[in-house]
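Down below is the structure, laid out as structure tokens.
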Amino acid sequence: RRTPVATNLPVGTETILLAEDEATVRAVVRQALERQGYTDLEAPTIETAIAYAERHDNKIDLLVTDMVMPGMSGRDLAERLRALRRALPVLYMSGYVQDASARAAFASEHSAFLAKPFAPETLADRVRELLSTADAETG
């Protein structure tokens, strides 16, 4: 049983699909998300992420993906998953995209960018921001 951290960080109950090929980064992000109360579907590969999107019966509320994954970019993965799950919000992560104009290109109405490395608090804030925006638009 997970218990959210007793801090002023935002918490939630939504389901988040985490696509990240680096085991260490995946573990840190998973732990940060779970501490805030989220359900995490962990995908170490593009194929696993697509399988979750195709087969997961419940709603997937957010995709958190690395921009650089073997076989497909995070942006291509997001487009593929949005074909299955319309208007899926996406949080892109990368340690390679440092240019502000490139980061802005990944940020759209239903997406945001988070530069690695980042603090768990920054991740929690960005996740809640995306989920809240999506909730406001659908509800």
> Residue check, A49 against (1) part of a loop (DSSP other than H, G, I, E, B); (2) open to solvent by less than 30 Å² (accessible area, probe 1.4 Å), all met but one. Which one?
Replying inline: (1)
>> Quick check on my filter: what residues within the range 53-74 are surrounded by 16 or more Cβ atoms within 10 Å (Cβ to Cβ) and farther than 16 Å from L91 by Cβ?
In response: M72
> Inside the range 52-83, can you point out the residues that are within 19 Å of E14 (Cα to Cα) and assigned to a helix (DSSP H, G or I)?
Replying inline: Y52, A53, E54, R55, A78, L81, R82
>> Name the single residue that is nearest to the chain's Cα centre (by Cα) among those in the range 21-43 being over 17 Å from V68 (Cα atoms) and among the basic types (K, R).
In response: R30
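The values are calculated or read from the model by the stated rules, or taken from the named source; none is laboratory data. Computed from a prediction, not measured in an experiment: that's the story for all the values here. We place every Cβ from the backbone using ideal geometry, glycine too, and count neighbours over all the protein chains shown. The accessibility values were calculated without ligands, DNA or RNA, using every heavy atom of the protein model including side chains. Shrake-Rupley method; radii C 1.70, N 1.55, O 1.52, S 1.80 Å.
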